[in-house]
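Just below is one structure, and these are the notes that go with it.
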Amino acid sequence: MMNDVAPPQPVRLVDYRLPDFLVDTVDLTFDLDEAETRVTARLAVRRNPLATRDAPLFFDGEALKLERVSLDGAVLGANRYSVDAHGLAISDVPDSFVLEVETRISPRNNTELSGLYVSNGGFFTQCEAQGFRRITFFPDRPDVMARYTTTIFADPARCPVLLSNGNPDGRGERDGRVWARWVDPHPKPSYLFALVAGDLVSVDDHFTTKSGRPVDLHIWVRRGDEDRCDHAMRSLKKAMAWDEEVFGLEYDLDVFNIAAVSDFNMGAMENKGLNVFNTKYVLARPDTATDSDYMGIESVVAHEYFHNWTGNRITCRDWFQLSLKEGLTVFRDQEFSADQASRAVKRIIDVRGLRATQFPEDAGPLAHPVRPESYVAIDNFYTATVYSKGAEVVRMIQTIIGRDAFRRGMDLYVARHDNQAVTIENFVQCMQEASGVDLGQFFLWYAQAGTPELSYTGAYRPESRRYELTFHQRVPPTPGQPVKRPVPIPVALALLDREGKELLAQTVLVRNEAQSFTFDDIGAAPVPSLLRGFSAPVKLHHPDDVSLRFLARHDTDPFVRWDSLQQYATQLLLALIPAWVASEALHLDQTLVEAIGAVLHESDADPSFAATAMALPSEGYLGDQMTVDDVDGVHAVRRFAAEQIGGALAPVLRETFERLSNAEDGTAIDARAIGRRSLKNLCLWYLARAEPDWAADAAFRQFERAGNMTDVLAALGVLTDLDVPQREAALGMFHAKWRDDPLVLDKWFAIQAGSTHPDVLRHVLALALDADFDLANPNRVRALVGTFAANRFGFHAAGGAGYRFLADTVLAIDPRNSQVAARMTTPLARWRRFDEARQALMLVALRRVRETPGLSRATLEMVSRSVA
């Protein structure tokens, strides 16, 4: 048996039982101290009338020192209760009582960053999923909802700002300590509790809801960061207005606070009225943040705000329903972002991300349904499947029932389940009632893992002017689910004539393994345009590449046009690998060059779409299309294609690059400016492959002169890939300028970790020993180690040194932060995708981690599932 202890037992959905006790009110008092904080919790508790009548009381608790426990004012002796590593048990309690518990915790020693911890001298909390039990004893589960009052005492010199959930309800001084009280009028589960205290400053604004409620808005940051909050504040106000307009949902408190912290395991947390954010998703100025950073901030700020209703006011009954709040809210933030700029490009970006993260997850040992059936550590299920695929499932419901019915379903969902902890069934039932559409079969999307595969054939009968489309679907086996049932797949389609004109457009629902649809009064054999707007998260297999070439040039749906060009390029590039393996001369089909050239020629109409469409499929995507991922072959043929395209289109690429460089407003962050920068820097990337000396000079000039971080980082990325003198000069200049800015320095680590320089592995190993590398900071670890693990060229280098480096990092982090460590193991989980030599080396790394004594429950679960 591994790890010298019994393996942790899984929690199963089928074993769900109602909580034995409910908590109506929670009065918390914190006396903050870095070494030892005293927490007093006064809880109004009652037996759940629907649960086990004679059950003893058990409240979760971890890493707590119990000082005192009293029941209805009487202090309990040690013979009346028991405490172990998992919680507090009390037998023979009445049906209704007041429980008061005093605990002591050490925020300074809380390196897990779960519960109450210290960062840069301030106090912060993170309670999702199970961090509240590290603050006090409590039934730490989402279906126990209570109203909270929080009083905080602290040193006024160190913590003049004291924040918690809800509305402020008093402030003063007592015995040399400053105190503040917060009251949250809305019931919430413990995972939404938040506290922030420190020497922070705020950027302030206000918002008036449609009904006339004034709301004070505050973003709290470290001193000196105030000038980087404008974009986050604008994003918040836009999100508040959008949610009112699109879903009729108004904010419900007098104040909305965001607090930024640099030590954070995730992106952000939607705590009621007090969102805690990773600084990465708050701070931005053109000289410090890229266009991607700006878009990420807008998306994450909106996401956490939208949780106020889809997550907070209506929460999940248990953690198996996690996608109820996360999938739905991702869908909502995607729709919000699509309304702010190019809906087509936003959709492409989201699908590209889904294919890069969720499709591989569905195809590997970590595959799980959108609603998992069991878990050992719930933190391991904050996954692309729960979030991104969950959002696609919600989007399919909207596609099937229509936007108007979806809005009625949302209205019903909010009206029926406000202030409740509910299930996915409750959500789908509201959609079904509001639309009159039977969604019974649709639950298979929540219950089955795996990415469905869809193929089709078309037949035209000129004598009857009838066209028939026949679809075949297959859901591949996944761990624990070898046999799958067909799922309902909404296919948005159009039939195009030979000039690209739409003959008809509609959505059909493919419910069976094989299903045909006929279309009448079609004058000539059409070209089908399928899965428009990516109407379902499936893999679509085309019968030939003729239609792909046509659709890449003529389709009126931007997604299908982009996807057709990607699929066509994928076929051509993968077809080159056998020649590369045989050391034969490579020849790139000129139709691909012409197709990309055509997009470039039309790029002024929509530079953002052009930049997206011109980009070659990623190495990861190419590898995923192979039975055995040939890392070296994929890298070689993709690089060859880039060289050929760059060389053939060099004159127009240079002209476009120089024209956009001269015409651009470097500080603008509107959609068109972002698109022009993206196109300009893609031109530079292609030229770097075809004309490295010219590109190195151009990139260094851009690096020195650029007025925004997007162009600086694009130029630095080009130089980092090349073996040229400007490389070390630019890296040194960047480091000297930004060493004292943690977020920008993360980019310096990441740009080197993602490089295709021949010595990237050596560079990364040296950076891991750099004085500025901090293993305790999740952002810095993700920047270096996470980026490197996603760099196929370096991570999968022959010999397995990349795998050993990742395993070493996981083992170094696990004792102090198991959440980060567990998530870092996922690149190794895909070992079955590679050749035998790499498989063996990856398994050695996984088994070394698994067999390490004392491994955390979260990391043990991940590596055990990976090697199973």
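The values are calculated or read from the model by the stated rules, or taken from the named source; none is laboratory data. Everything numeric in this text was worked out from a predicted model, so none of it was measured. With ideal geometry, Cβ positions are generated from the backbone for all residues, glycine too; neighbour counts draw on all protein chains shown. Quick note on the areas: whole protein, heavy atoms, side chains included, nothing else; ligands and nucleic acids left out. Shrake-Rupley method; radii C 1.70, N 1.55, O 1.52, S 1.80 Å.
For segment 271-325, how many residues meet the condition of being more than 30 Å from residue 675 (Cα to Cα), among the hydroxyl-bearing types (Ser, Thr, Tyr) and free of Cβ contacts under 8 Å to residues at least 40 places away in the same chain?
1
Among the listed residues 763, 757, which satisfies the condition of being touching a His at 6+ places or on another chain (Cβ under 8 Å), more than 23 Å from residue 368 (Cα to Cα) and not in a helix (DSSP H, G or I)?
Only one candidate passes the filter, namely 757.
Whether any residue in segment 265-288 is closer than 29 Å to residue 377 by Cβ, of a type in the set (D, E, K, R), modelled with pLDDT of 95 or more and open to solvent by 10 Å² or more (accessible area, probe 1.4 Å) is what I want to check.
Yes, because at least one residue in segment 265-288 is closer than 29 Å to residue 377 by Cβ, of a type in the set (D, E, K, R), modelled with pLDDT of 95 or more and open to solvent by 10 Å² or more (accessible area, probe 1.4 Å).
Just to check your reading of the model, which residue among 68, 17, 108 is touching a residue at least 40 places away in the same chain (Cβ under 8 Å), open to solvent by 60 Å² or more (accessible area, probe 1.4 Å) and either part of a loop (DSSP other than H, G, I, E, B) or at negative phi (or both)?
That would be 108, the only listed residue that is touching a residue at least 40 places away in the same chain (Cβ under 8 Å), open to solvent by 60 Å² or more (accessible area, probe 1.4 Å) and either part of a loop (DSSP other than H, G, I, E, B) or at negative phi (or both).
Can you tell me which residues in segment 260-286 are in a loop (DSSP other than H, G, I, E, B), out of contact with any helix residue (DSSP H, G or I) (no Cβ under 6 Å at 6 or more places or on another chain) and at negative phi?
The answer is 263, 264, 266, 286.
Yes or no: residue 718 under 24 Å from residue 763 (Cβ atoms), buried (at least 23 other Cβ atoms within 10 Å of the Cβ) and in contact (Cβ under 8 Å) with a residue 40 or more places away in the chain?
no
Is it the case that some residue within segment 57-65 is open to solvent by less than 30 Å² (accessible area, probe 1.4 Å) and not in a strand (DSSP E or B)?
yes
Consider residue 222 carefully, then state whether it is out of contact with any His (no Cβ under 8 Å at 6 or more places or on another chain), modelled with pLDDT of 95 or more, more than 28 Å from residue 143 (Cα to Cα) and of a type in the set (D, E, K, R).
yes
Of all residues in segment 663-702, how many are open to solvent by 20 Å² or more (accessible area, probe 1.4 Å), outside any loop (DSSP other than H, G, I, E, B) and hydrophobic (A, V, I, L, M, F, W, C)?
Result for segment 663-702: 8.
Testing residue 543 on (1) more than 28 Å from residue 438 (Cβ to Cβ); (2) in contact with a helix residue (DSSP H, G or I) (Cβ under 9 Å, 6 or more places away or on another chain); (3) surrounded by fewer than 20 Cβ atoms within 10 Å (Cβ to Cβ), one condition comes back false. Which one is that?
The one condition residue 543 does not meet is (2).
When you go through 53, 68, 80, 17 one by one, which is the residue that is basic (Lys, Arg) and under 16 Å from residue 144 (Cβ atoms)?
None of the others qualify; the one that does is 17.
Need the failing condition index for residue 646 against (1) under 21 Å from residue 351 (Cα atoms); (2) in a helix (DSSP H, G or I), just the number.
The number of the failed condition is (1).
Residue 828 versus (1) surrounded by 18 or more Cβ atoms within 10 Å (Cβ to Cβ); (2) touching a residue at least 60 places away in the same chain (Cβ under 8 Å): which is the lone unmet condition?
Tallying (1) surrounded by 18 or more Cβ atoms within 10 Å (Cβ to Cβ); (2) touching a residue at least 60 places away in the same chain (Cβ under 8 Å), residue 828 fails exactly one: (2).
Using beta carbons and a limit of 6 Å, which pairs, at least six apart or on different chains, have the first residue in segment 180-208 and farther than 30 Å from residue 224 by Cβ and the second one open to solvent by 20 Å² or more (accessible area, probe 1.4 Å) and part of a loop (DSSP other than H, G, I, E, B)?
From segment 180-208, the pairs are 187/419.
Suppose we filter 53, 46 for residues that are in a strand (DSSP E or B), open to solvent by 30 Å² or more (accessible area, probe 1.4 Å), farther than 25 Å from residue 119 by Cβ and without any contact (Cβ under 8 Å) to a residue 60 or more places away in the chain; which single one remains?
46
Can you find even one residue in segment 231-250 that is part of a helix (DSSP H, G or I), of a type in the set (S, T, N, Q) and either farther than 20 Å from residue 188 by Cβ or in contact (Cβ under 8 Å) with a residue 60 or more places away in the chain (or both)?
Within segment 231-250, one or more residues are part of a helix (DSSP H, G or I), of a type in the set (S, T, N, Q) and either farther than 20 Å from residue 188 by Cβ or in contact (Cβ under 8 Å) with a residue 60 or more places away in the chain (or both).
Taking the condition of being touching a Cys at 6+ places or on another chain (Cβ under 8 Å) and either open to solvent by 10 Å² or more (accessible area, probe 1.4 Å) or under 15 Å from residue 274 (Cα atoms) (or both), how many residues in segment 116-142 meet it?
Final tally of qualifying residues: 1.
Does residue 158 satisfy the condition of being at pLDDT 95 or above, assigned to a loop (DSSP other than H, G, I, E, B), out of contact with any strand residue (DSSP E or B) (no Cβ under 6 Å at 6 or more places or on another chain) and within 22 Å of residue 200 (Cβ to Cβ)?
So residue 158 passes the test.
Determine, yes or no, whether residue 608 is part of a helix (DSSP H, G or I) and at pLDDT 95 or above.
yes
Can you pull out every residue in segment 71-105 that is open to solvent by 60 Å² or more (accessible area, probe 1.4 Å), more than 21 Å from residue 141 (Cα to Cα) and small (Gly, Ala, Ser)?
Result: 73, 78.
Which one of these does residue 35 not meet: (1) small (Gly, Ala, Ser); (2) closer than 21 Å to residue 193 by Cβ; (3) touching a helix residue (DSSP H, G or I) at 6+ places or on another chain (Cβ under 6 Å)?
(2)
Scan segment 458-501 residue by residue and report those that are open to solvent by 80 Å² or more (accessible area, probe 1.4 Å) and assigned to a strand (DSSP E or B).
Answer for segment 458-501, where residues must be open to solvent by 80 Å² or more (accessible area, probe 1.4 Å) and assigned to a strand (DSSP E or B): 461, 466, 472, 474.
Would a scan of segment 793-815 turn up a residue that is over 19 Å from residue 632 (Cβ atoms), part of a loop (DSSP other than H, G, I, E, B) and polar (S, T, N, Q)?
So far as segment 793-815 goes, no, none of its residues is over 19 Å from residue 632 (Cβ atoms), part of a loop (DSSP other than H, G, I, E, B) and polar (S, T, N, Q).
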